[in-house]
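Quick notes on the structure that follows.
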């Protein structure tokens, strides 16, 4: 029986910043999309674990790509990509009080602050774990298990929602039920099929 729902943020409740920004920057500077995407993700692990600052992250990207962009402007611009994906947050909101709810997200400090301005996640979710705050990341097992422990349930009593296949696979290997997110209606439908409804 499912007692808790754990969700990702980027690609589920909010747009994925780096993927969208890389595509736009590649087009703007007439560069290969794969080259820009690899460059923008190269220091992502260190950034989401709070090992480097936003300044260091974007400075490294500018140096690697050679693009004529101001680091401070890139930092500000990245915040504008934090946009709400319609529907998913409302699905979770409807489950509040009936199931334990958790956020498990790889994210950077500046973006977390912006997310919390746009969505009242602390009011809806019982457990909120961001990689930059706990210094753990998906798909590492310890991050998933920390979430289950804080919820007070076994992995098999939790369903994990994410848009990334590698995170879904990692969660399944630990015994979590999973849903690979595509949109809010599909999320609602799959949760219902698992017996999770408002």
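Points worth noting:
- Helix axis angle, 184-193 relative to the chain longest principal axis, alpha carbon, degrees: 30
- Contact order normalised by residue count of the chain, Cα under 8 Å, 6+ apart, percent: 28
- Each Cα pair of region 94-152 feeds into the Kirkwood radius, which the Stokes-Einstein equation turns, at 20 °C and 1.002 mPa s, into a diffusion coefficient of 178 µm²/s.
- Residue 141 versus residue 117: modelled label distance in nm, points set 7 Å from Cα along the beta carbon direction: 4.0
- Taking Cα atoms only, the orientation of helix 109-118 departs from the longest principal axis of the chain by about 60 degrees.
- In units of the rule-of-thumb radius 2.2 N^0.38 Å, region 17-80 shows an alpha carbon radius of gyration of 1.00.
- The chain - share of DSSP beta bridges that are antiparallel (%, nearest 5): 5
- Per-residue Cβ neighbour rank within 10 angstrom, fewest leading, 32, 162: 32, 162
- Ordering of 84-90, 191-197 by packing [mean C-beta count within 10 Å, highest first]: 84-90, 191-197
- Going from the fewest other Cβ atoms within 10 Å to the most, the residues 47, 81 appear in the order 81, 47.
- Here the residues 1, 21, ranked from fewest to most Cβ neighbours within 10 Å of their Cβ, fall in the order 1, 21.
- Inter-probe distance in nm under a simple model that places probes 7 Å from Cα toward Cβ, at residue 70 and residue 35: 2.6
- Region 17-80, relative contact order in percent, only Cα pairs under 8 angstrom and at least six apart counted: 28
- Cα-Cα P(r), region 150-198, percent of pairs per 10 Å interval: 27, 53, 20
- Taking the average, over residues, of other Cβ atoms within 10 Å as the packing measure, peptides 8-18, 114-124 rank 8-18, 114-124 from highest down.
- Against the main long axis of the alpha-carbon atoms of the chain, helix 33-42 sits at an angle near 70°.
- Measuring r between the beta carbons of residue 19 and residue 169 and using R0 = 22 Å, the FRET efficiency lands at 0.70.
Throughout, read-outs are computed from the coordinates displayed, never taken from laboratory work. What you are looking at is a predicted structure, and each value in this text was computed from that prediction instead of being measured. Note that each Cβ is placed from the backbone with ideal geometry, even for glycine, and that neighbours are counted across all protein chains shown.
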